[in-house]
1. Whole number please: convex hull volume per residue, Cα atoms of segment 119-261, in Å³.
2. Mean residue ellipticity at 222 nm from the helices of the chain, using -39,500 (n - 2.57) per DSSP H segment of n ≥ 4 over the full residue count, to the nearest 500 deg cm²/dmol?
3. Give me the accessible area of VAL121, 1.4 Å probe, in Å² rounded to the nearest 10.
4. Once you've got the GNM for the chain with C-alpha springs shorter than 10 Å, pick whichever of ILE44, ILE201, ILE192 has the biggest mean-square fluctuation.
5. Name the residue, out of ALA164, ALA274, ALA39, whose mean-square fluctuation peaks in a Gaussian network model built on the chain with Cα pairs under 10 Å.
6. Once you keep just the Cα pairs under 8 angstrom separated by 6 or more residues, what percentage relative contact order results for the chain?
7. Using the Karplus curve 6.51 cos²θ - 1.76 cosθ + 1.60 with θ = phi - 60°, work out ³J(HN,Hα) for each residue of segment 124-137 in order, rounded to whole Hz, and write x for Gly and Pro.
8. Got a number for the accessible area of ARG5? Probe 1.4 Å, square angstrom, nearest 10.
Amino acid sequence: MEPNRKKGIASALLAAALYAINAPFSKILLDYMPPTLTAGFLYIGAGSGMLFIALVRKLRGSGSKERGLTAAELPYTAAMILLDIAAPICLLFGLNATTAANASLLNNFEIVATAVIALMVFHEKISPRLWAGILFVTLSCAVLSFEDISGLHFSYGSLLVLLAAVCWGFENNCTRKLSSKDPLQIVLLKGIFSGGGSVIIGLCAGERIKACGSIAAALCVGFVAYGLSIYFYVYSQRLLGAARTSAYYAVAPFIAAFLSLLIFREMPGATYFAAVILMAAGVWLSSRDEFRKRRKPAGRRRIK
């Protein structure tokens, strides 16, 4: 296995493990803080944590050798920020209407969205094995999305979680275009502008915080689940590409679902375990996708 691929896979798995705390702990935060404000403070926590790391790095004289963003990346940067406002808001409203375990697994639809968008919009090559993985993940999401299969009653909460996954699919591909630049700077921008935008929207919508201590908790969860996770995710995208990074990152919902079952002690029904089997097959196929180092077209800068 190539060294760059090993680093990329390790970074993607670390990002997944860090993000796994998001669904169960955000579900708890929603008891004390409305969804839009929660989304905002989670991202502000990510940006604040990365700002602290940047200051420590500067004081120690170990400045980053990474390249900074330029005006050429402004369209992708703006799209990334707007999508990072919409996606967590949809996710948290969805969490209010479904279980944390269900939401965690449904987040894997992000693999499908990321891969299809990478193919259709950014022309990233998708192998037959990855397509097979996408099919299994889609089937699993369909099973999870219906509360009662016999009655085909679609879950409103599941729809919002899937919408969040689609937003993050677009966002992953926008971030892919920025991945050759400093990951810390990217997380800072997400934290400041996406977080700040969500807080402003929440306050304008009349949302209010029920417990001041929940702000500190949201900032801490945001630093780990969004800040550190995004940092390693961006680095992995640089080495693996958007579609393959999302495939390895797909272990996050399984970790999150396990944590949710431990924390909330809600034993799901048979359809949940059927969906887990389908999802596991899809993730395995996706992660076994052959890694190819494509030739760079002449005149184009290598991205990641």
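1. 162 Å³
2. Dividing the helical sum by the residues of the chain leaves -22500 deg cm²/dmol.
3. Approximately 80 Å² for this residue.
4. Largest GNM mean-square fluctuation: ILE201.
5. Maximum fluctuation in the GNM of the chain, among the listed residues, is at ALA274.
6. Computed value for the chain: 40 percent relative contact order.
7. My calculation for segment 124-137 gives 7, 5, 10, 7, x, 5, 5, 4, 5, x, 4, 4, 5, 4 Hz in order.
8. Counting only protein heavy atoms, the figure is 50 Å².
The values are calculated or read from the model by the stated rules, or taken from the named source; none is laboratory data. All of these numbers come straight from a predicted model, not from anything done at the bench. Because the Cβ atoms are built from the backbone with ideal geometry, glycine has one as well, and the counts that use them run over all protein chains shown. Areas reflect the complete protein model, heavy atoms only, side chains present, ligands, DNA and RNA absent. Shrake-Rupley method; radii C 1.70, N 1.55, O 1.52, S 1.80 Å.
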